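Here's the structure we're looking at; comments come further down.
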2 protein chains.
Amino acid sequence: MSVTLKRIAKECGYSVTTVSRALAGYDDVNETTRQRILEVAHNLGYQPNLVARQLQGQRTFTIGIITPPQIHHHEDDFFSLLIKGVNYAAAQYHYDLLISSRFPGTEEMDTYRRIVGGNRVDGMIVARTYQDDPRITYLQSIEHPFVVAGRSAPDLPSDFPYIDADSRVGVQMLVRHFIHYGHRHIGLILPPESVAFTAYRHAGYRYAFQDAGLTYHPEYVATGDLGEAGGYEAACTLLDRTPELTAIVACNDLMAFGAMAAVHARGRRIGEDVAVGGFDDIPAAQHAMPPLTTVRQPIYEIGERLTEMLVRIIADEPPAETQILIEPALIVRASSGQPRPQ
Amino acid sequence: MSVTLKRIAKECGYSVTTVSRALAGYDDVNETTRQRILEVAHNLGYQPNLVARQLQGQRTFTIGIITPPQIHHHEDDFFSLLIKGVNYAAAQYHYDLLISSRFPGTEEMDTYRRIVGGNRVDGMIVARTYQDDPRITYLQSIEHPFVVAGRSAPDLPSDFPYIDADSRVGVQMLVRHFIHYGHRHIGLILPPESVAFTAYRHAGYRYAFQDAGLTYHPEYVATGDLGEAGGYEAACTLLDRTPELTAIVACNDLMAFGAMAAVHARGRRIGEDVAVGGFDDIPAAQHAMPPLTTVRQPIYEIGERLTEMLVRIIADEPPAETQILIEPALIVRASSGQPRPQ
DNA sequence: TTGTAGGCGTTATCAT
DNA sequence: ATGATAACGCCTACAA
């Protein structure tokens, strides 16, 4: 079917070996011979079979990433942004990207094993870590190159290369900002404990209260699934249970959107009656109505830098820094409302 | 390094062939033998080398797609949405996705040749067609399976499998909507002619005027690059050149965002002074300020259906319909403003 | 029921 | 300067 070295060899009367070397630019090939071979290869439209090369070279120049499937349209921009960053950097380094999408759980682990164990990639990017993440355990156990967007929960070692935003500091800034605006009753929407960053963000919330000399109210904290629906439900719970709340902090922008919807559904005005804050600063945040106050995490750049890190780890030239904590930035927008008179 | 059939064979004293067949579930293997082999394979954590399989089977179970790199964060949600759809469907059919990002042009074509000619994928998804698209010409010339999101410009044959929204009808609906709202001076922002859908959308604009018995003003039409910046500049040109405009139709949402910014920059109110419309209905459209009136194109679903189509084409069981035109839907939002008194 | 041989397309090693 | 041989890991005739 397609043009192979053998075909070219036959065509111009040299051996496959010589053809291979001529094309690879070795200098032990007669210049005339090379010209002839190059010409034939070009005429035939030769393209090296990458799969064969991969098998022979035991290298794929491919990076793998597995994302959750996103059935609804705008479900999660986090991964989209991350992939954009990874994609861009990968191209710079002449790597391709292999993507597969699975729901977290058994299927996801099987896919890791299939792709990594099946030698389809030189390295993996693991995103959105869970507490005690089996994917990481697996990759460590077989010593396969990988980098992580995120890190372990605070009580577990993060003994792997990663880049993560300092969630604790981020939430702390956000809550402090609300406190400065005069809020005293601030709700918090947390994802399930199994998400690795939950504990960090929870800590940020507590620290902010502590710093301000305020008491921490456990009943101001609710849990919901990551995503708009989870945020909506958790916010409803909070608003119904503790109507004195004048601000709600959600652990990502998607949940914050849900919370805004809940505030609206309860007949209260976002910003004016109840301030809302998020985390991530996905593109939709600035376009939201009202625009969402949030903690900016440079997801795209994290994707880029992770990819660079991974490529270097694969090449066995790991950068000096392989555990990077990024200082997030507070982005104040209209969902904060105005500072309140004390 | 990793566990191979050979390794298992050695471990349990059978030949590689027998091991291979035991694992593949052939029935000409002694049941006891199979059990033994399965056990050893499991203990060793055997994972078949997918690359070797690909080489031997001349099949990759991988679909390829090449997107433009997106340096800025929220640059283009069209591809993100498409990929989400493709990704979801691909997983259903047990296909993986190979993604690479290149700017349109030589580099992109080289990447097509490298990946397709290099046997890395069983089929390609081509997105955002150009007029007389070299990628399509190439894929057709080597008879490699592919499907297209979009189709050829009106004057060229679309003799390949595709799914496209009926752009002409879409823009026509949008312009008619503005006419119904009482607008008579409606600007149009077009992407360059080289984009295949340009002519369709332009036609939709002209048809709407014709239907309403209004005259078409060429000076109400401007061209800009796809993307927010292009929309901004084109809208500035229009607003400065023909200040009588009370509405602007952009050929996609991103350009519409740029146009909104331009309207704002010229000190006019979006909706009230100048209505703005887009095309695509990317997630940001409904969160925009004000929410953007646009023509909804079900990008995610197109990705899903294209993938299904491609998988069937690869399996040599092409569906009955391989050229699908989707009727888009008009989504009226606040950027339309209110109907004007005649 | 099991094993041998050959090939997928490439590159590396070692002769000539 | 060129070529024969083997190997990457798998699968599939064909033989025994």
* Asked: Once you put a point 7 Å from the Cα of A:THR237 and another 7 Å from the Cα of B:HIS217, both along the Cβ direction, what distance in nm separates them?
  -> 5.8
* Averaged across the residues of B:298-310, what count of C-beta atoms belonging to other chains lies within 10 Å of each residue's C-beta? -> 1
* In the range A:111-127, what residues drop by 10 Å² or more in accessible surface going from the chain by itself to the full protein assembly, probe 1.4 Å? -> A:ARG113, A:ARG114, A:GLY117, A:GLY118, A:ASN119, A:ARG120
* **Most fluctuating residue given options A:GLY271, A:GLY303, A:GLY117, as computed from a GNM of chain A linking Cα atoms under 10 Å** => A:GLY117
* **Signed unit charges on C-beta, dipole axis of the protein assembly as shown, positive-most listed residue A:VAL171, B:HIS144, B:ASN87** => B:HIS144
* Assuming R0 = 35 Å, can you tell me the calculated FRET efficiency for the pair A:GLU244 and A:GLU327, based on Cβ-Cβ distance, to the nearest 0.05? => 0.60
* Arrange the peptides B:31-42, A:156-167, B:254-265 so that the one whose residues have, on average, the most other Cβ atoms within 10 Å appears first. => B:254-265, A:156-167, B:31-42
* Asked: Once you average over the residues of B:46-59, how many Cβ atoms of partner chains fall within 10 Å of each Cβ?
  -> 6
* Structure fact -> In Å, the C-alpha Rg and Dmax of the range A:174-307 are 14.0, 46
* Between the alpha-carbon centers of the range A:212-252 and the range B:222-236, tell me the distance in whole angstrom. => 42
* **For B:VAL195, net neighbour charge (Lys/Arg +1, Asp/Glu -1) across residues whose Cβ lies under 11 Å away** => -1
* State the antiparallel share, in %, of DSSP beta bridges confined to the protein assembly as shown, rounding to the nearest 5. => 15
* Asked: Can you pull the three principal axis extents for the Cα set of the range B:5-58, in Å, largest first?
  -> 32, 23, 15
* Structure fact -> Here the range B:1-107 gives, from Cα atoms, an Rg and Dmax in Å of 20.4, 60
* Asked: Could you give the accessible area per residue of the range A:5-58, probe 1.4 Å, as a whole number in Å²?
  -> 64
* Anyone know which of A:HIS202, A:HIS217, A:HIS144 comes out most mobile in the 10 Å Cα GNM of chain A? -> A:HIS217
* Can you work out D for the range B:242-342 in µm² s⁻¹ from Stokes-Einstein, where Rh is the Kirkwood radius over C-alpha pairs, the temperature is 37 °C and the viscosity is 0.692 mPa s? -> 215
* In debye to the nearest 20, how big a dipole does the range A:120-218 give about its Cα centre with +1 on each Lys and Arg Cβ and -1 on each Asp and Glu Cβ? -> 440
* Structure fact -> Heavy-atom accessible surface buried between A and B, both sides counted, 1.4 angstrom probe, nearest 100 Å², is 4700
* Let me know the charge dipole size of the protein assembly as shown about its Cα centre in debye, to the nearest 20, where only the beta-carbon of Lys, Arg (+1) and Asp, Glu (-1) is charged. => 340
* **Two-decimal ratio, chain B, of alpha-carbon radius of gyration to 2.2 N^0.38 Å** => 1.28
* Asked: With every protein chain left in place, what is the accessible area of B:THR67 in Å² (1.4 Å probe, nearest 10)?
  -> 10
* So for chain A, taking the charge dipole from beta-carbon charges (+1 Lys/Arg, -1 Asp/Glu), which of A:VAL121, A:HIS287, A:THR198 sits furthest toward the positive end? -> A:VAL121
* How far is it, in nm, from the label point at A:GLU143 to the one at A:GLU272 when both lie 7 Å from their Cα along the line to the Cβ? -> 6.5
* Which order do peptides A:279-288, B:87-96, B:226-235, B:308-317 fall in by mean Cβ count within 10 Å, highest first? -> A:279-288, B:226-235, B:87-96, B:308-317
* To do: Go through the range A:101-175 and name the GluC sites (Glu not before Pro) that are in a DSSP coil and have 12 or fewer other Cβ atoms within 10 Å of their Cβ.
  => A:GLU143
* To do: Pick out which of A:PRO154, A:PRO243, A:PRO134 has the largest mean-square fluctuation in a Gaussian network model of chain A, springs linking Cα atoms closer than 10 Å.
  => A:PRO243
* To do: Run through the other copies and list how far each one's label point is from that of B:LEU156, in nm with one decimal, shortest first; the point sits 7 Å from Cα along Cα-Cβ.
  => 5.2
* Could you work out, residue by residue across B:96-104, how many beta carbons of other chains sit within 10 Å of that residue's beta carbon, and then give the average as an integer? => 6
* Asked: Based solely on its DSSP helices, what 222 nm [θ] is calculated for chain A when runs of n ≥ 4 H residues each add -39,500 (n - 2.57) and the sum is averaged over all residues, nearest 500 deg cm²/dmol?
  -> -13000 deg cm²/dmol
* Cβ charges +1 (Lys, Arg) and -1 (Asp, Glu), total dipole of the range A:5-58, debye -> 240
* **Sequence of B:ARG59, A:ARG151, A:ARG241 from largest to smallest accessible area, 1.4 Å probe** => A:ARG241, B:ARG59, A:ARG151
* Asked: Where a ≥ b ≥ c are the square roots of the eigenvalues of the C-alpha gyration tensor, would you call the protein assembly as shown rounded, which needs a/c under 1.5, or, failing that, prolate if a/b is larger than b/c, or oblate?
  -> oblate
* Asked: At A:GLU301, with labels set 7 Å past Cα in the Cβ direction, how many nm apart are the copies from this one, shortest first?
  -> 4.0
* Structure fact -> Carbon plus sulfur, as percent of the 1.4 Å-probe accessible area of the range A:5-58, comes to 47
* To do: For the range A:124-180, report the translational diffusion coefficient in µm²/s to the nearest whole number, using Stokes-Einstein at 10 °C, 1.306 mPa s, and a Kirkwood Rh over Cα pairs.
  => 126
* To do: Between copies, how far apart are the B:MET1 label points? List them in nm, one decimal, shortest first, with each point 7 Å from Cα toward Cβ, please?
  => 2.7
* Place +1 on the Cβ of every Lys and Arg and -1 on the Cβ of every Asp and Glu in chain A, take the dipole about the Cα centre, and give the residue among A:GLY303, A:ALA9, A:ALA262 whose Cα lies farthest towards its positive end. => A:ALA9
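The values are calculated or read from the model by the stated rules, or taken from the named source; none is laboratory data. Bear in mind that the values here come from a model prediction, so they are computed numbers and not experimental data. In this analysis, Cβ positions are derived from the backbone assuming ideal geometry, glycine residues included, and neighbour counts consider all displayed protein chains. Accessible surface areas use protein heavy atoms only, side chains included; no ligands, DNA or RNA. Shrake-Rupley method; radii C 1.70, N 1.55, O 1.52, S 1.80 Å.
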